[in-house]
Amino acid sequence: MAQATTPAPSSTHTRGPVTGTARDANRKRAPFLIEFYRSAVGKKYVMAITGIMIMGFVFAHMVGNVKMYLGPAEFDTYAEFLRQILVPIFPRTLFLWLLRLGLITAFVLHIHAAYGLTVINHKARPVKYASKRDYVAANYASRTMRWSGIIVGLFIVFHLFDLSWTGTGFHYYRGAAYENVAHSLERPLVALIYIVANLALGLHLFHGAWSIFQSLGWNNPRFNKWRRGFAIAFAGLITVVNVSFPIMVQAGVVGHVG
Amino acid sequence: MTATEPLSGSPAPAAPGRTLNLTLRVWRQAGPDAPGAFEDYDAPGISVDMSFLEMLDVVNERLVEQSREPITFDHDCREGICGTCSLMINGRPHGPQRGTATCQLHMRKFADGDTIVIEPWRAEAFPVVRDLAVDRGAFDRIVEAGGYITVNSGSAPDANLIPIPKSVADAAFDAAACIGCGACVAACPNGAAQLFTSAKLAHLNLLPQGQAERYKRTEAMVDTMEELFGSCTNHGECEAACPKEIPIDFIALLNKDYLRAKLKNRRYLSRKP
Ligand code: HEM
Ligand code: SF4
Ligand code: FES
């Protein structure tokens with residue numbers, strides 16, 4: 001057909017979609033998750049979900065470490081067990097690495113979202129109040145999330161160097177988990193670092209473990225009264241048990257390998 | 001009748017009640033881009049029965065008498081329903097009394113000899129117009145994005161034409177109590193407008209009339225909010241400052257509906273309800 005070989009400029013001669021829906025449908029969109037993450041509310045969902053993942057890890061890590069009180073054999077057996085999970089199906093340490101990968105992803109996203117939200121929030125009030133604020137509901141934990149988070153983050157790097165990678169100045173034996181913990185925590189300064197970091201973690205969780213419910217829209221008048229209690233119980237349990245390890249090594253109750 | 005005599009029939013002059021001698025430390029700023037600073041004013045003989053705004057009226061009259069520039073502040077209804085009054089009073093939006101707008105705050109809440117610090121609300125989206133008055137037009141941008149239902153506005157429909165469970169109607173009413181004063185933004189350490197936006201969303205999203213546009217509204221209003229304001233980190237400070245005591249439960253609903261909206265609005269494009 002003659003007309004078809006000389007296409008007219010589309011803006012004037014074709015009708016094209018006219019309804020808002022049809023035009024929106026043709027608009028180029030990023031994949032759902034990326035578009036959602038671009039919004040601040042989406043970032044909060046990511047903070048909350050990655051927060052829950054890390055909370056799961058922190059809880060399991062704490063339960064595992066309680067085996068220190070059962071002695072070196074139990075503790076090292078447990079450390080080896082982690083490497084053996086699903087072994088006939090997967091080669092040794094593969095499943096552990098999958099867990100680690102998930103955890104690393106969670107940490108990266110948690111910190112990335114925290115950073116993004118912090119930038120947004122600083123832009124939202126460039127001129128600060130000149131007079132002193134009198135806070136009613138915001139508590140110390142909620143107002144120091146960035147600092148408690150940074151302390152925990154730096155501690156995790158130190159902790160990995162200390163007990164997973166190289167040791168920090170004591171005789172580090174790869175695979176001798178119990179001995180390494182004992183030798184590291186015998187040093188008062190290191191014990192202090194572990195205590196301070198876990199107090200910061202407790203503070204972070206005191207707000208965080210409550211905050212997740214709001215961020216994910218889990219709000220139900222029948223259950224709301226349990227949310228603060230859950231946060232206190234979770235943060236309290238993690239802090240008390242984790243802080244007990246350096247204290248007990250310092251007190252000489254555990255850690256004598258001979 | 002001489003001017004000094006009371007009009008016949010008028011009530012007897014109020015008994016001279018307790019008065020306060022106060023010092024006000026007020027933020028003065030000549031214009032949006034002018035530098036601002038606190039200035040101190042003596043405010044003696046303030047009746048405890050005055051509202052906070054009446055106290056400022058008295059101070060302003062005295063300033064005018066001395067040919068000094070009166071303090072600019074926002075006010076309108078003075079009965080706690082319009083949302084025009086504001087003021088950060090001693091570090092709290094709307095002052096020390098919970099669930100009370102500045103216009104409903106009375107001077108009996110203060111003690112003789114007090115210094116009262118008064119500052120405008122601070123947020124990037126609420127620029128200072130002059131002294132204590134800020135421009136809260138950013139709230140209008142959020143409402144324009146979807147804070148309405150599209151209906152044929154003929155004559156008023158019969159009451160109870162659409163049955164609504166009482167608990168749902170009550171929740172929507174609680175949300176609709178928001179007067180748009182901006183205390184939530186002022187109170188929030190992040191300058192977030194989540195409480196306001198969630199109240200405006202909930203009062204329509206909970207009701208049957210709001211369903212058709214529920215997800216379109218939610219996405220549009222939240223996206224507009226995010227262009228203008230900070231982001232909620234669940235401090236709960238807004239709820240404590242709100243003169244209408246809007247609960248942060250509505251913020252959880254906003255979060256839930258926003259995720260749903262993001263999913264649903266994509267599905268709607270392919271005509272899937
Ligand atoms: C590695 C360094 C970390 C940084 C920089 C960091 C930072 C933050 C920040 C800024 C927030 C937002 C605060 C708020 O919304 O009020 C947050 C929330 C949270 N964090 Fe962390 N954090 C870190 C580690 C952790 C760890 C180790 C855990 C868990 C054991 C955790 C669990 C949470 C939870 C549950 C939330 C609440 C999420 C929500 O509000 O929905 N974070 N974090
Ligand atoms: S939610 Fe409360 S504080 Fe915020 S604008 Fe509405 S009435 Fe004011
Ligand atoms: S002046 Fe109308 S609410 Fe205070």
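Structure notes:
- Spherically averaged projected area in nm², based on the convex hull that wraps the Cα atoms of the stretch B:19-129: 7.0 nm²
- Counting only the Cα atoms, the stretch B:54-181 fills a convex hull of 173 Å³ per residue.
- Cα Rg, Dmax (largest Cα-Cα span) when computed across the stretch A:124-258, Å: 19.0, 60
- Cβ-to-Cβ counts within 10 Å put A:Met62, B:Met55 in ascending order as A:Met62, B:Met55, the fewest first.
- Relative contact order, percent, chain A [alpha-carbon distance under 8 Å, six or more residues apart]: 22 percent
- Residue order, fewest to most surrounding Cβ atoms within 10 angstrom, among A:Leu82, A:Leu101, B:Leu254: A:Leu101, A:Leu82, B:Leu254
- Net charge of the neighbourhood of B:Leu105, taken over other residues with C-beta under 12 Å away and scored Lys/Arg +1, Asp/Glu -1, is +4.
- Angle of helix B:166-176 to the longest C-alpha principal axis of chain B, folded into 0 to 90 degrees and rounded to 10: 50°.
- Against chain B, whose longest principal axis comes from its Cα atoms, helix B:249-269 is set at around 40 degrees.
- For a paramagnetic label modelled on A:Tyr173 (point 7 Å from Cα along Cα→Cβ), amide N atoms under 17 Å away belong, within the stretch A:54-82, to A:71-80.
- Förster radius 60 Å - calculated FRET efficiency between A:Arg92 and B:Arg18 (Cβ-Cβ, nearest 0.05): 0.15
- Pair-distance distribution of chain B: all C-alpha pairs, bin width 5 Å, starting at 0; shares per bin in whole percent are 1, 5, 11, 14, 15, 13, 11, 9, 7, 6, 4, 2, 1, 0, 0, 0, 0.
- The stretch B:137-270 - percent relative contact order, Cα under 8 Å, separation 6 or more: 32 percent
- Listed residues A:Tyr173, B:Trp121, B:Ile248: farthest to the positive end of the dipole of the protein assembly as shown (Cβ charges): A:Tyr173
- Per-residue Cβ neighbour rank within 10 angstrom, fewest leading, B:Ser86, B:Ser198: B:Ser86, B:Ser198
- Cα centroid separation, the stretch B:226-273 to the stretch B:44-114 (Å): 33 Å
- For the stretch B:116-139 versus the stretch B:145-176, the gap between their alpha-carbon centres in whole angstrom: 32 Å
- Subtracting the Cα-Cα distance of B:Ile162 and B:Glu79 from 0.36 nm times their residue separation leaves 26.7 nm of extension gain.
- Partner shielding of B:224-233 amounts to 6, given as the average count of beta-carbon atoms from other chains within 10 Å of each residue beta-carbon.
- Comparing the protein assembly as shown with the 2.2 N^0.38 Å rule of thumb, its C-alpha radius of gyration ratio is 1.26 (two decimals).
- Computed from the alpha carbon atoms alone, the convex hull of the stretch B:168-226 holds 71 Å³ per residue.
- Only helical runs count toward this figure. For the protein assembly as shown, summing -39,500 (n - 2.57) over DSSP H runs of n ≥ 4 and dividing by all residues gives -16000 deg cm²/dmol at 222 nm.
- For residues of B:262-270, the mean tally of beta carbons on other chains within 10 Å: 3
- Distance between the stretch A:78-134 and the stretch A:180-229 - C-alpha centres, whole angstrom: 14 Å
- Of A:Phe32, A:Phe234, A:Phe213, the one that fluctuates the most in a GNM where chain A has Cα springs shorter than 10 Å: A:Phe32
- Shielding by partners - mean other protein chain Cβ count within 10 Å, residues of A:132-143: 6
- The stretch between B:Asp170 and B:Arg266, if pulled fully straight at 0.36 nm per residue, gains 31.4 nm over its current Cα-Cα span.
- All-pairs alpha carbon distance profile, the stretch A:35-180, 10 Å steps from 0, percent: 9, 28, 30, 19, 10, 3, 0
- Hull volume in cubic angstrom per residue (convex hull over the Cα atoms of chain A): 281 Å³
- Take the convex hull of the alpha carbons in the stretch A:130-202; its mean projected area over all directions comes to 6.5 nm².
- Here the relative contact order of the stretch B:19-129, from alpha carbon pairs under 8 Å that lie six or more residues apart, stands at 32 percent.
- With N as its number of residues, the stretch B:151-270 has a Cα radius of gyration that, divided by 2.2 N^0.38 Å, comes to 1.11.
- Chain A: angle of helix A:72-84 to the longest principal axis, Cα-based, in degrees nearest 10: 30 degrees
Coordinate-derived values only; no laboratory data. Computed from a predicted model, the values in this text were never measured in an experiment. Ideal geometry is used to build each Cβ from the backbone, glycine not excepted, and the neighbour counts take in all protein chains shown.
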